[in-house]
Amino acid sequence: MSVQSDSNSEGTWCCKAKKRTMSWKVLFFPLVSRLSKKESERSFLDNGSMLLEDLIASCDGKSNPIRCYSAAELMRATNNFDPSCIMENVSPYYQMFRGILDDRTIIIKKYITQEYINEDEARSCAIRDIIISMQMSTHKNALKLLGCCLEFSIPALVHENAAKGVLNNHGSLGTNENQSMLPWKTRLHIAKQLANALTYLHTAFPRPIIHRDLRSTCILLDDDYVPKLSNFSLSITIPPKQSHVEDSVKGTYGYADPNYMATGYITAKSDVYSFGVLLLVFLTQRAAFKNQAGKFETITADLKLHLSDVRIQIETTFSTSLGFLQARFSIIPRVKRKEEKKRSFWKNGSILLKDLIASCDGKSHPIRCYSAAEIIRATNNFDRSCIIDGVYSGMFRGILDDRTVIIKQHYNVDGAIRDIIISMQMSTHKNSLKLLGCCLEFDTPALVCENAGKGGLKFDGSLVVDNELLPWKTRLRIAKQLASALTYLHTAFPRPIIHRNVKSTCILLDDDYVPKLLDFSSSITIPPNQLYVEETYATGPLGYTDPSYEMHGKKSVKTDITPTSPAGGIVRVQGDEFWHMTRVLRLRTNDRVQLFNGKGGTLKGGRADWLVEKCTELGASSLTPLLTERSPTVSENRLDRLQRVNVAAAKQCQRLHEMILNPPKNINGLLPLVAESKLAFLAVAEGTPLVSALTSSGTESGGLIVVGPEGDFTEKEVNELMQAGAISVGLGPHRLRVETATVALLATLMLWSDSQKTCDT
């Protein structure tokens, strides 16, 4: 497999899969001074026969007449292929000369033989270029083929002139070092016409043609900046009734479709991916790849854009996404900013672009892009006096364009980008805080939203500003309107959006007490044809999170709907619980507490992963989830994840045998194992000190450890386990988590077993 790049006219990048070597090859073009008559005749017959064969096979009975030039005519036209006639920014595999033929300016293309491209391969490329250029000559955005010369050892092509020349690696005119940047409207115009040419190439012929080497240096411009697509030397056709064709990997590094490079399967979408990269080159005025200190980096990696995910969508989102890009990025190449702001802009802008293409479903949601200077002036350099009380610390009020606005700053980029995307989609709903724009020049993007005059709500639902308790009718109306906003969030888009952070402090009121839902930084979408999304870590505000989601990690639209409490936000605590909270925990007014139903639960998210990982590291032979009266079931997906954690931990610790992860068992299934085990420890709140139990256990080096759920075992379960032979042990006066108690017991037993072996020796 070889991947070739034309980023520099003096070298080529080669990667051979067998030897895995990379090298730079210096290329040169041997000038033709004179051809003997016999050589010309032999070349004419060889090339003519190949051309005739391919014409019959591909032209489908249609005539595409072109002129056949002699070698002498082409040598006169280019002054014996004088170097001064060579056009710049082309390719290391062929050269293009400007010349005068029949009193008109023309372009002559000659292919070059190299160490890794022999004469037969170069001849095949030239013949293929002639055939497809003939078929594309009727399209206004393809470089028209006037004729060819078959008297050279490798056929030469004669094209119409394109006065403005070839685009360079940055999508501009001129050399890479001294380039003339094209206006954004011109680049947009070029992109649309090239899309039309590619569509024609894919659909206008009985067998779809895939260009396979689309890049900026394959595009020439005429006097009116009309683009002309050229270089069909690597093109390939897809047989009838097939969706793809398999071939060795060829193309330009940075433009080639990763799926094609990985599988060798070529489809029309391979060209669409290359076109997406070309759009990025037009957008950013940067080369598709660069070489820094021998390290090659593509524009997709540099901008952290995974265009393989966008390839399928770009055909439908092309026009609308470009409309958004025009509004957001047209100013980028023309304005010089400090390096820090530029880096932040590119980083945040690239992530925003990726998420917009993926989530906006082809709809345009124009917003304004503010500068950092505007945001700083509006908030008096983020003065603390501008912070909105009662909401999180990153919300400021300020004056921007003679209007009061709210400026939000997040603590991480992902959350900010997610908030921007969903706020844009929700801006049409009257109960969502409208997004006016954003600023991408900070390390973390800032959002600019409309003002909400009454401010935020406190935890108890009252207004923050004057601690005003809202009338019941107002609260009821707010609840109804918020329900409407959540319903819209769940149903109005192709992929339902789950807010995942609904709470009183995520609600602002305007001057008419109309609620505005905000903060979509934690939101998540549900894929098509699915009812939920499963997560490893349960996230959400304390007291508002759906208990079912906390247990199973399955997020659905019902997670946003779960009531926060049985009494509309107020829970009365009395009796023993009140005495425990005030006398033991010594809680004061406004202290936060966590309510639970006393039924315990399974380990959640990362805690279960951590337990499996540590048991593997400590050398446990097996681990069995235990189902008791106070613990729910464990999903199969959860067990699959724990098994992967188990295998990864075994590899990391270089253990020859991984720990066995058994299916869950209930108490009845566990009792026979306890009875068969020579040593079984049962961790309970009040039991025999562990050291004492070990001292009386003799020299047993293995056994069973039984640790209960967070709500502990029931008295009945403890009695049944002890009757089966389990020894109740305690780990001190402190109450420990399940994972802490398990690891502490296992580590202590390991040390005890090692000490016994040392004493025996």
Within region 89-141, which residues are in contact with a helix residue (DSSP H, G or I) (Cβ under 6 Å, 6 or more places away or on another chain) and either outside the structural domain of A72 (by TED's automatic domain parsing) or charged (D, E, K, R) (or both)?
R98
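Residues are listed down the side, and each one gets a yes or a no for (1) closer than 30 Å to L531 by Cα; (2) crowded, with 18+ Cβ neighbours inside 10 Å:
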| residue | (1), (2) |
| --- | --- |
| K408 | no, yes |
| S427 | yes, no |
| S432 | yes, yes |
| L440 | no, yes |
| N451 | no, yes |
| L457 | no, yes |
| T491 | yes, no |
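Confirm whether D223 is touching a strand residue (DSSP E or B) at 6+ places or on another chain (Cβ under 9 Å) and part of a loop (DSSP other than H, G, I, E, B). Give the derivation first.
On the way: touching a strand residue (DSSP E or B) at 6+ places or on another chain (Cβ under 9 Å): no; part of a loop (DSSP other than H, G, I, E, B): yes.
Spelling it out, it is not the case that D223 is touching a strand residue (DSSP E or B) at 6+ places or on another chain (Cβ under 9 Å) and part of a loop (DSSP other than H, G, I, E, B).
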Give me the residue from region 123-157 that is farther than 13 Å from K109 by Cα and hydrophobic (A, V, I, L, M, F, W, C) and, out of that set, modelled with the highest pLDDT.
A142
Could you please find all residues in region 263-283 being in a loop (DSSP other than H, G, I, E, B) and buried (at least 19 other Cβ atoms within 10 Å of the Cβ)?
T267
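Answer yes or no as to whether Y260 is free of Cβ contacts under 8 Å to residues at least 24 places away in the same chain, among the hydroxyl-bearing types (S, T, Y), in the same structural domain as M181 (by TED's automatic domain parsing) and assigned to a helix (DSSP H, G or I).
Details: free of Cβ contacts under 8 Å to residues at least 24 places away in the same chain: yes; among the hydroxyl-bearing types (S, T, Y): yes; in the same structural domain as M181 (by TED's automatic domain parsing): yes; assigned to a helix (DSSP H, G or I): yes.
Considered against the rule, which asks whether it is free of Cβ contacts under 8 Å to residues at least 24 places away in the same chain, among the hydroxyl-bearing types (S, T, Y), in the same structural domain as M181 (by TED's automatic domain parsing) and assigned to a helix (DSSP H, G or I), Y260 comes out as yes.
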Of (1) under 19 Å from S523 (Cα atoms); (2) crowded, with 16+ Cβ neighbours inside 10 Å; (3) polar (S, T, N, Q), Q481 fails just (1)
Since E73 meets every condition but one in (1) out of contact with any helix residue (DSSP H, G or I) (no Cβ under 7 Å at 6 or more places or on another chain); (2) at pLDDT 90 or above; (3) loosely packed, with under 14 Cβ neighbours inside 10 Å, which condition does it not meet?
(3)
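Having 1 or more residues that are free of Cβ contacts under 8 Å to residues at least 24 places away in the same chain is the bar; report the strands (runs of 3 or more DSSP E) wholly within region 378-463 that clear it. Before the answer, list the steps.
Working: elements: 395-400, 403-409, 435-439, 446-450.
Fully inside region 378-463 and qualifying: 395-400.
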Looking at (1) over 30 Å from I106 (Cα atoms); (2) touching a residue at least 24 places away in the same chain (Cβ under 8 Å), which is the only condition L229 fails?
(1)
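Taking the stated definitions as given, is N176 surrounded by fewer than 22 Cβ atoms within 10 Å (Cβ to Cβ) and either at pLDDT 90 or above or among the polar types (S, T, N, Q) (or both)?
Values: surrounded by fewer than 22 Cβ atoms within 10 Å (Cβ to Cβ): yes; either at pLDDT 90 or above or among the polar types (S, T, N, Q) (or both): yes.
So N176 passes the test.
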If F205 passes every condition in (1) of a type outside the set (K, R); (2) modelled with pLDDT under 90; (3) closer than 27 Å to R187 by Cα; (4) surrounded by 17 or more Cβ atoms within 10 Å (Cβ to Cβ) but one, which one does it miss?
(3)
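What residue, among those in region 593-611 that are touching a Lys or Arg at 6+ places or on another chain (Cβ under 9 Å) and modelled with pLDDT of 60 or more, is nearest to F459 (Cα to Cα)? Outline the logic, then answer.
As a first pass, look at region 593-611 and keep what is touching a Lys or Arg at 6+ places or on another chain (Cβ under 9 Å): 598-603, 607-609.
Remaining after also requiring modelled with pLDDT of 60 or more: 607-609.
Values: R607: 29, A608: 31, D609: 33 Å.
Ranking the candidates gives R607 first.
Quick check, is T695 out of contact with any helix residue (DSSP H, G or I) (no Cβ under 8 Å at 6 or more places or on another chain), modelled with pLDDT under 80 and under 19 Å from A741 (Cβ atoms)?
no
Considering only residues that are touching a helix residue (DSSP H, G or I) at 6+ places or on another chain (Cβ under 6 Å) and of a type in the set (G, A, S), look in region 227-259 and name the one that is surrounded by the fewest Cβ atoms within 10 Å (Cβ to Cβ). Before the answer, list the steps.
Taking region 227-259 as the starting set, the residues that turn out to be touching a helix residue (DSSP H, G or I) at 6+ places or on another chain (Cβ under 6 Å) are 227, 229-233, 235, 249, 255, 257-258.
Remaining after also requiring of a type in the set (G, A, S): 230, 233, 235.
Details: S230: 25, S233: 27, S235: 20.
Ranking the qualifying residues of region 227-259, first place goes to S235.
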Would you check if D129 is over 39 Å from the mean Cα position of the chain (by Cα) and acidic (D, E)?
no
Failed item in (1) farther than 30 Å from I375 by Cα; (2) assigned to a strand (DSSP E or B), with A483 passing the rest:
(2)
Can you name the residue in region 520-544 that is of a type outside the set (S, T, Y) and touching a strand residue (DSSP E or B) at 6+ places or on another chain (Cβ under 8 Å) and, of all such residues, is modelled with the highest pLDDT?
F520
All positions within region 174-205 that are over 21 Å from S274 (Cβ atoms) and aliphatic (A, V, I, L, M)
M181
N501 meets each of (1) of a type outside the set (F, W, Y); (2) at pLDDT below 75; (3) more than 22 Å from the chain's Cα centre (by Cα) with one exception, condition (2)
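Please return the ranges of helices (runs of 4 or more DSSP H) entirely within region 660-730 where 1 or more residues are more than 15 Å from T748 (Cβ to Cβ).
Values: elements: 667-676, 690-695, 715-723.
In region 660-730, 667-676, 715-723 are the helices (runs of 4 or more DSSP H) which contain 1 or more residues that are more than 15 Å from T748 (Cβ to Cβ).
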Taking region 235-252, which residues are at pLDDT 90 or above and under 14 Å from S274 (Cα atoms)?
S235
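The values are calculated or read from the model by the stated rules, or taken from the named source; none is laboratory data. None of the values given here were measured: they were computed from a predicted structure. For neighbour counting, all protein chains shown are included, and Cβ atoms are generated from backbone atoms with ideal geometry for every residue, glycine included.
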